[in-house]
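The values are calculated or read from the model by the stated rules, or taken from the named source; none is laboratory data. Just so you know, these numbers come straight off a predicted model, no measurement behind them. For neighbour counting, all protein chains shown are included, and Cβ atoms are generated from backbone atoms with ideal geometry for every residue, glycine included. Only protein heavy atoms, including side chains, enter the accessible area calculation; ligands, DNA and RNA are left aside. Shrake-Rupley method; radii C 1.70, N 1.55, O 1.52, S 1.80 Å.
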Amino acid sequence: MPSTSRNRIFSGIQPTHGIQLGNYLGAIRNWVKQQDQFECIYCIVDQHALTTVQNADEMRRNTREMGAALIASGIDPARSVLFVQSRVEAHSRLAWVLNCVTPLGWVNRMTQFKEKAGKQRENAPVGLFVYPVLQAADILAYRATHVPVGEDQKQHLELSRDIAASFNRRFAEDFFPLPEPMIQAEAARVMSLRDGTKKMSKSDPSDMSRINLTDDADTIASKIRKAKSDSILGISYDPENRPEASNLLTIFAALSDRERADVAAEYESASFASFKEHLAELCVEKLAPINAEMRGLLANPDHIDAVLGDGSARADALARPIVDAAYEAVGFR
Ligand code: AMP
Ligand code: TRP
């Protein structure tokens with residue numbers, strides 16, 4: 001039976017839209033750092049995205065853009081396995097098996113389905129309902145031991161553990177390791193530049209509310225300069241009363257790898273304008289090179305496709321024997 005000899009990280013991101021600063025600081029940057037310590041497998045989960053993105057050109061474009069954004073952010077396709085979910089059959093093969101060992105009641109409890117389906121529950125695609133089972137298959141097909149995700153994915157990860165245990169109980173003891181969630185720090189929760197109480201998000205109608213990894217240096221600087229501020233003297237961290245100042249401090253600290261308190265102390269008596277000027281410089285310094293690399297990569301889509309194709313072949317080689325063994329365990333072989 002194939003097994004993993006050391007810790008193996010698996011995580012996924014949906015190619016539903018471009019990457020904004022919140023995704024970068026909240027998720028991607030941690031993926032990049034983990035490459036130094038773990039064997040990492042990172043997946044662009046287009047099959048999950050199909051629950052919402054139902055246009056072929058958009059799907060292809062988003063998948064390439066996400067590939068370019070991840071590589072430009074520092075995911076090294078030579079060290080880590082970076083690939084596209086739909087190109088590796090193991091995910092859907094295992095998903096069906098897992099669907100058959102997952103009680104309906106477990107999936108019914110998922111709060112994300114309730115949120116996403118909303119009042120349109122009867123019209124929601126079945127794929128949206130079984131989304132977390134496919135997510136379990138993603139992880140288990142590699143016998144991943146650790147899964148870095150944001151707080152919002154905690155419930156799905158617990159379900160993955162339960163599903164793994166359910167399979168093991170029925171078919172083969174210790175077949176799947178129970179994956180450990182690595183919940184990423186709240187520290188990098190990035191809020192909108194227009195409203196410090198709302199999460200920075202690609203779905204916000206105002207583009208001024210977010211910094212996209214596709215923004216060039218001038219755009220980044222001008223968004224920071226125009227970010228909402230308040231009229232209190234000096235800069236301080238006080239999310240209750242000063243959500244905008246606090247958010248900008250969070251961004252400053254995260255991008256410079258400093259403690260928030262340390263940055264706050266430095267700008268304690270600075271004007272908003274001069275703080276923003278420094279933050280704009282910092283954002284440009286850290287993000288413009290990523291933007292430039294991303295543009296370079298996107299200018300050559302064949303290269304991105306080749307990199308993702310190679311990653312997908314490597315992912316297939318890892319997952320296929322594990323899923324073959326799962327097929328054998330259930331009696332398909
Ligand atoms: P989404 O684009 O919402 O599917 O999120 C993809 C990943 O980025 C998830 O791990 C989120 O937790 C993270 N993320 C998205 N927006 C933010 C934000 N404003 N602050 C921090 N993390 C975020
Ligand atoms: N559901 C995750 C999200 O929206 C994306 C995802 C799919 C994932 N498969 C995964 C994350 C496997 C971790 C492991 O963020």
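Computed with a 1.4 Å probe over protein heavy atoms only, the accessible surface of region 189-265 comes to 48 Å² per residue. Seen against the Cα atoms of the chain and their longest principal axis, helix 154-170 is set at about 10 degrees. Gain in length, residue 226 to residue 300, computed as 0.36 nm per residue apart minus the alpha-carbon separation, to one decimal in nm? Here the answer is 23.3 nm.
Rounded, prolate or oblate: which one fits region 96-201, using the alpha carbon gyration tensor with axes a ≥ b ≥ c (rounded when a/c is under 1.5, else prolate when a/b beats b/c, else oblate)?
Details: a/c = 3.14, a/b = 1.44, b/c = 2.18.
The shape class here is oblate.
Gain in length, residue 285 to residue 172, computed as 0.36 nm per residue apart minus the alpha-carbon separation, to one decimal in nm? Gain on extension, residue 285 to residue 172, equals 35.5 nm. Computed from backbone phi, the HN-Hα couplings of region 115-130 come to 5, 6, 6, x, 7, 8, 3, 5, 9, 5, x, 4, x, 5, 5, 8 Hz, rounded to whole numbers (Karplus: 6.51 cos²θ - 1.76 cosθ + 1.60, θ = phi - 60°; Gly and Pro given as x). The local environment of residue 22, defined by Cβ-Cβ distances under 10 Å, has a net charge of +4 under the rule Lys, Arg +1 and Asp, Glu -1.
Taking the Cβ of residue 160 as the center, what net charge do the other residues with Cβ under 11 Å away carry, scoring Lys and Arg +1 and Asp and Glu -1?
Values: positive: 154, 161; negative: 138, 158, 162, 180.
Taking every Cβ under 11 Å from that of residue 160, the sum is -2.
Fully extending the segment from residue 236 to residue 328 would add 27.1 nm, taking 0.36 nm per residue of separation and subtracting the current Cα-Cα distance. Within region 1-100, the GluC sites (Glu not before Pro) that combine a DSSP coil assignment with at most 15 other C-beta atoms in a 10 angstrom radius are 89. A crude spin-label estimate for the pair residue 199 and residue 120, with each label 7 Å from Cα along the Cβ direction, gives 1.9 nm.
Residue 93: net charge of surrounding residues, Cβ under 10 Å, Lys/Arg +1, Asp/Glu -1, itself excluded? Before the final figure, lay out the partial values.
Values: positive: 320; negative: 89, 324.
After counting each charged neighbour, the total is -1.
The fraction of accessible area contributed by carbon and sulfur in region 1-134 is 49 percent, rounded to a whole number (1.4 Å probe; ligands and nucleic acids excluded). The modelled label-to-label distance between residue 217 and residue 33, using points 7 Å beyond Cα along the C-beta direction, is 2.8 nm. In the context of the full set of protein chains, residues of region 118-188 present 47 Å² of accessible surface per residue (probe radius 1.4 Å, heavy atoms only).
The relative contact order of region 100-164, computed from alpha carbon pairs under 8 Å that lie at least 6 residues apart in sequence, is 41 percent.
Here are some pairs, 33/199; 199/286; 116/276; which of them have Cα atoms lying more than 30 Å apart in this structure? Listed pairs above 30 Å: 116/276. Placing dummy labels 7 Å off each Cα toward the beta-carbon, the span from residue 152 to residue 270 is 3.0 nm.
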